[in-house]
Amino acid sequence: ALLSACGGTAPASSRSPSPATCSDTGTASVDWPLPQPPKSDIPPIASASVSSDTFSLTFTNGTPPFQVITQSGAGFTEDASGKAVTLSGTDGARIVLTGFRGDQINYKGEKKFKSSGPRLVEVAQLGDFEGTVSWGVGLSSPSCAVVTSNGSTLTFLFIQAS
């Protein structure tokens with residue numbers, strides 16, 4: 001099985017425009033309150049959504065540091081409990097967001113999403129534990145994420161891994 005942790009630059013191509021570059025890590029935006037947001041009744045993750053091959057997270061202020069870890073297979077483990085979670089798909093990615101509070105719930109919305117893909121099939125929250133929030137992504141084939149930040153939104157577009 002091929003395991004790809006997309007990152008760096010894509011190989012040069014004779015076609016224009018240049019191919020999208022996958023990201024496996026990202027730093028907090030200047031608006032993200034480090035080391036963690038202040039305690040609040042309003043969770044710092046305002047919303048999560050899927051559309052086709054895109055998973056988006058919107059935050060109340062800025063965007064946190066993240067890591068995207070790709071894997072063969074769509075089996076994951078929930079943070080803290082160790083419970084096995086199997087998502088639809090043949091491959092997967094774990095999105096790990098850090099810089100949250102460990103003494104409050106950081107997201108109160110839907111925990112599981114189905115998508116019409118074709119690449120992204122299912123997303124589920126895997127944990128909100130000790131200042132880390134993680135999501136599992138079930139994918140139909142080996143993929144990597146092109147991550148964009150716009151204001152207080154992180155968007156993960158899953159494309160074919162090279």
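Here are the numbers for the structure shown:
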read-out	value
Prolate/oblate/rounded call for the range 22-64, Cα gyration tensor, a/c under 1.5 rounded	oblate
Thr60-Thr25 FRET efficiency (beta carbon distance; Förster radius 35 Å; 0.05 resolution)	0.95
Solvent-accessible area of Glu110 with every protein chain in place, 1.4 Å probe, in Å² to the nearest 10	120
Reported label for calculated Rg and Dmax of the Cα atoms in Å given [x] 14.7, 43; [y] 15.5, 52; [z] 15.9, 55	[y]
For the chain: accessible area per residue (Å², 1.4 Å)	50
Apportionment of accessible area to carbon and sulfur, the range 81-162, percent (1.4 Å)	53
Set of lysines with alpha-carbon distance to Lys83 below 16 Å, sequence-local pairs under 8 removed	Lys111, Lys112
Accessible area of Thr27 in the full protein assembly, 1.4 Å probe (Å², nearest 10)	120
Using θ = phi - 60° and Karplus 6.51 cos²θ - 1.76 cosθ + 1.60, couplings along the range 122-127 (whole Hz; Gly, Pro as x)	7, 10, 9, 6, 9, x
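The values are calculated or read from the model by the stated rules, or taken from the named source; none is laboratory data. The shown structure was predicted, so the numbers you read here are calculated from the model rather than taken from an experiment. Quick reminder, even Gly has a Cβ in these numbers, built from the backbone with ideal geometry, and neighbours come from all protein chains shown. To get the accessible areas, we keep the full protein, side chains included, count just its heavy atoms, and leave off ligands, DNA and RNA. Shrake-Rupley method; radii C 1.70, N 1.55, O 1.52, S 1.80 Å.
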